[in-house]
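The structure appears right after this line, and notes come after that.
The values are calculated or read from the model by the stated rules, or taken from the named source; none is laboratory data. Please read these numbers as outputs of a predicted model, since none were measured by experiment. Reconstructed Cβ throughout: ideal geometry from the backbone, glycine too, with neighbour counts over all protein chains shown. Keep in mind that these areas ignore ligands, DNA and RNA; they rest on the heavy atoms of the full protein, side chains included. Shrake-Rupley method; radii C 1.70, N 1.55, O 1.52, S 1.80 Å.
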Amino acid sequence: MIKIAITKGRIEKQVCRMLEAKGFDMAPIFNKNRELQIETSDGLSMIFAKSNDVLTFLEHGIVDVGFVGSDTMLESDFDDYYEMLDLDVGKCYFALAAYPEYRTKTFNRRKKIASKYTKVAKNYFASKQEDVEIIKLEGSVELGPVVGLSDAIVDIVETGSTLKANGLEVIEEICDISTRMIVNRVSLKFKKDEIFRLINALKKEDAENA
Ligand code: PRP
């Protein structure tokens, strides 16, 4: 039995559809109601969790494998795992965004940057050797500039429609985001065959033949 934690919602659906396409029996997952832990006939034991909690379950050895967005991985302080696969789904990116004036405005004080991803924001400005004030928001981060709390935001952009609807634009793309398969280091030693069965099922055909 291989134990897997999947980020609830879109990542859960995408990963389960990919496994189904490769012949795994995903019916117990697709037919679940509010159960949080499901076992399939192929020897997969799956739990469905919030993205940060996927990392917590992996860290504590509760699961062998996690499926999580690289945004969550970048923001977390825990990185003691193997990243085995980029699933090339759930694609979006981190960006610095603001009103267009931000580009030409002169700041005589520290810039204020709102973000839900304060570590990503800190690292980005550290790489620019810029000292800014980071303000944590839990969601709807675009509100930062809209209400005058911040000069800019570091946030996830997918279609760009939230920025556009609020008059904001991407000032700079920071890095790409996608769904990753990560593996507990100890599990890879003891459940190598089962884990590679999963990796081989999920990796892209062209990579398989390379
Ligand atoms: C995310 C992100 C942006 C938005 C980007 O927020 O933080 O606000 O989606 O998507 P778009 O480029 O397609 O418009 P989410 O909807 O997850 O909720 P949140 O703002 O409460 O974090």
- Does Thr118 fit the bill of being near the ligand (Cβ under 9 Å from one of its atoms), among the hydroxyl-bearing types (Ser, Thr, Tyr) and at pLDDT 95 or above? no
Selection from region 116-149 of residues open to solvent by 40 Å² or more (accessible area, probe 1.4 Å), small (Gly, Ala, Ser) and under 23 Å from Met73 (Cα atoms) yields Ala126, Ser127, Ser140
| query | Are any of the residues in region 68-75 open to solvent by less than 50 Å² (accessible area, probe 1.4 Å), in contact with a Ser or Thr (Cβ under 8 Å, 6 or more places away or on another chain) and not in a helix (DSSP H, G or I)? | reply | yes
Counting only residues in region 155-175 that are assigned to a loop (DSSP other than H, G, I, E, B) and either open to solvent by 70 Å² or more (accessible area, probe 1.4 Å) or in contact (Cβ under 8 Å) with a residue 60 or more places away in the chain (or both), the one farthest from the ligand (Cβ to nearest atom) is identified as Gly167
Ala152 passes all but one of the listed conditions (1) open to solvent by 60 Å² or more (accessible area, probe 1.4 Å); (2) touching a helix residue (DSSP H, G or I) at 6+ places or on another chain (Cβ under 9 Å); the exception is number (1)
When restricted to Leu55, Leu74, Leu96, the only residue within 18 Å of the chain's Cα centre (by Cα) and outside the structural domain of Ser187 (by TED's automatic domain parsing) is Leu96
In region 121-153, anything among the β-branched types (Val, Ile, Thr) and either outside any loop (DSSP other than H, G, I, E, B) or away from the ligand (no atom under 12 Å from the Cβ) (or both) is listed as Val132, Ile134, Ile135, Val146, Val147, Ile153
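Listed here are the residues, each with its yes/no results for (1) over 14 Å from Val183 (Cβ atoms); (2) touching a residue at least 24 places away in the same chain (Cβ under 8 Å); (3) open to solvent by 80 Å² or more (accessible area, probe 1.4 Å); (4) assigned by TED's automatic domain parsing to the domain that holds Ile171.
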residue	(1), (2), (3), (4)
Ala21	yes, no, yes, no
Asn33	yes, no, yes, no
Gln37	yes, no, yes, no
Tyr82	no, yes, yes, no
Arg103	yes, yes, yes, yes
Thr106	yes, no, yes, yes
